[in-house]
Amino acid sequence: MTASPQLTKEVWRKIVFSFMTSEQIEQLAQQKKLDLAVDLKEIGLFRALISVVDETYNLSIYTQAKAPGGAPKAAPAASPEATLGAVPSAATPPVTAPPAAVPPAPSPSAQTAQAPAGEPGGSTGAPAAPRSAVAAALQALKDSKQAAAPKVETSQAPAAPVAAAAREQAPAVPEPVAPTALPRVVAAEAPAAPAEAEGPPTPPSKPAPPAPPSTPPPISSAAPPAPPTPPAQAAPEVSAPAPAAPVVAVTGLMPGQALGPPVPATHPYRDSDVQIDELLSILLDKGGSDLHLHEQKQPLIRADGRLIIAHEKAIDSYNMMAMIESVTDEKERALLFARHDLDTSYNLKALSRFRVNILNDTRGWGMVLRVIPFKIPNWKDLGVPESARNMAFKPHGLFLVTGPTGSGKSTTLASLIHDVNQTQYKHIVTVEDPIEFVHNDAKSCITQREVGVDTPSFARGVVDVLRQDPDLILVGEMRDLETMSNALLAAESGRLVMATLHTTSCAQTIERIINVFPEEAQSVARTQLSNSIVGILSQALLPKKGGGRIAAFEIMIATESIRNLLRENKPQMLQTAIETGAKFGMKSLDQHLLELVEGGMVQFEDAYAKCQNTKNFKALEAKLKGVPVAALADE
């Protein structure tokens, strides 16, 4: 009987991988000492592959190996391996290859030359000089093929040439990518035994390829169990597929990974519970921006930039779960319990929309909700400079709105998109996480896509948008290299791309984009950015006198001198160019802060806390305190 090639390949590849760390597998594959494309059905190559693992990690699966030239070599002495440790050679009995996979028997001379280490038929003698285990095994295989070829007297081909021909005809198999941290297995472990097996294993009638355990089980090195010999089975029986594993929700899900079943709501509000709609109404009544909810804590709201208590009662675990279930559906809860984090949105009747982030910390579940008004504010009401508004009407290029978290970037972009929608006939496509402001078509056609729902990522969403005939592309956030690279390509393709970054100045924004690229690609990225950038609007929010908050802006317009500074890699000179570029509509953040202080809009202390260069505020501080300018110059 012949063993199933698919079963033999899957079982033994997993055994080999369980003995190796990711670094060792990559090293063997790069040095061409481990050929993953070998047809493991052939017994010669099968034994050679096991010999490589045996000699490399001193597992003593084979007790002897044949040295080049026909001289036998004793098993290598145990050495302190970094990952597997040493095992006495007597602890592990020799492994006998399954009789089902033995090729046609060659002549006695060829059989002697091909016998692998520790098998009947192999020669014994004085040990040879120590050498690389991998090289020794491969050289032994090469010598066995050379010695076997001229001594075959029957019409059957010897095992080694057959294996070589099979290797040449086998399709190329790509080298597998090892996981970040493969489980380390103690050398004494029986490689084919499942981690959860108890007692002596019973050979199944239809063995299935075992999956590597997520964590290595504790194995005693004193009395290691002998590796079970795979029973000879007919090909149709052995190749039966294993039953599918049940779907289990785990943390750290990758894109496309299956979730568990939908999670129904099981926590209806009790009479004593605080309902989330009640807290959101309090948030809106006080003119707040954010609602903070955590187990065992009182609800907090952020109003005018400061956190205040919204309700005197602390939220218990049941009440928090009832709130979570009221703002999520069954599919979202399955994702939440798998990842312990979720971004979604929630509508409160006809009052407002909220961006929701649900999280898990050391105390339990928590939730933060950000107010997203149904009515999109006008750009003039936000104080956006007209020079920045004009950049939203450029036919192509890259326009960035930057600032720290909570500085109003999304609101500014929404007001500009709304203005374009009311005045221009364009196709506007947004990629957001999650969708915040909902735009209705006016003169423009607007398509809004949400990451995780309509597209897997920002980077993929930008690529897909290019096939949707867009005029204006809004990227909610440029988080990584791939998204930034795709955004630059989209801007070069003749579309206007608007995006956000978490930076606090225009110069810092340029450096952030360039430094994301590898060093060898930064020169090309700098050229792309200098050609495609149309402007940067950086903003910060400050408490306003009399209540509320007001935005301060820094504006950089991509003039020819600005583009030259980018191409010549002189970001340190951008700040000076911005401060002296008032005739082009540019303005530094410090200049705008000084205007707000002198206009009585904000307190001096609040503006001073947001400024980029404190020297710019010395003269104003002296003026406010009544200090003569001459005395200030003497300091």
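Ordered by residue, what ³J(HN,Hα) values in Hz, to whole numbers, does the range 560-570 give under the Karplus form 6.51 cos²θ - 1.76 cosθ + 1.60, where θ = phi - 60° and Gly and Pro are x?
5, 5, 5, 5, 5, 5, 5, 5, 8, 6, 10
Provide, for q = 0.13, 0.19, 0.21, 0.22 Å⁻¹, the log10 of I(q)/I(0) from a solvent-free Debye sum over equal Cα point scatterers in the range 360-459.
Values returned for q = 0.13, 0.19, 0.21, 0.22 Å⁻¹ are -0.54, -1.08, -1.29, -1.39.
Do the alpha carbons of any pairs in Lys545/Lys587; Lys297/Lys349; Lys426/Lys544; Lys286/Lys331; Lys380/Lys583; Lys570/Lys615 sit beyond 31 Å of each other, and which pairs? Numbers along the way, then the final one.
Numbers: Lys545/Lys587 23 Å; Lys297/Lys349 26 Å; Lys426/Lys544 36 Å; Lys286/Lys331 33 Å; Lys380/Lys583 20 Å; Lys570/Lys615 22 Å.
From the list (Lys545/Lys587; Lys297/Lys349; Lys426/Lys544; Lys286/Lys331; Lys380/Lys583; Lys570/Lys615), the Cα-Cα distance tops 31 Å for Lys426/Lys544; Lys286/Lys331.
Could you tell me which of Gln575, Thr509, Gly547 has its Cα farthest along the dipole of the range 495-635 towards the positive end, charges placed at Cβ (Lys, Arg +1; Asp, Glu -1), taken about the Cα centre?
Gly547
Can you list residues from other chains, or at least 5 along the same chain, whose modelled amide H is less than 5 Å from the amide H of Gly397?
Gly494, Arg495, Leu496, Val497
With a 1.4 Å probe and all protein chains left in place, how much accessible area per residue does the range 357-445 have, in Å²? Don't skip to the answer; put the middle values down first.
Details: 3680 Å² over 89 residues.
It amounts to 41 Å² per residue over the range 357-445.
Using a ≥ b ≥ c from the Cα gyration tensor of the range 491-635 (square roots of the eigenvalues), is it rounded, prolate or oblate, where a/c under 1.5 gives rounded and otherwise the larger of a/b and b/c decides, a/b for prolate? The partial results should precede the final answer.
On the way: a/c = 2.57, a/b = 1.87, b/c = 1.37.
Judged from the Cα gyration tensor, the range 491-635 comes out prolate (a/c at least 1.5, a/b above b/c).
How much accessible area per residue does the range 466-618 have, in Å², with a 1.4 Å probe? Show your work: numbers first, answer last.
Working: 6800 Å² over 153 residues.
With the other protein chains kept in place, the range 466-618 gives 44 Å² per residue.
Just to make sure I understand: if all protein chains stay in place, what is the order of Thr266, Thr405 by accessible area at 1.4 Å, largest first? Don't skip to the answer; put the middle values down first.
Numbers: Thr266 85, Thr405 110 Å².
Listed by decreasing accessible area, they come as Thr405, Thr266.
The values are calculated or read from the model by the stated rules, or taken from the named source; none is laboratory data. Since we're looking at a predicted model, the values are computed, not measured. Neighbour counts run over all protein chains shown; Cβ positions are idealised from the backbone, glycine included. For accessibility, only protein heavy atoms count, side chains too; no ligands or nucleic acids. Shrake-Rupley method; radii C 1.70, N 1.55, O 1.52, S 1.80 Å.
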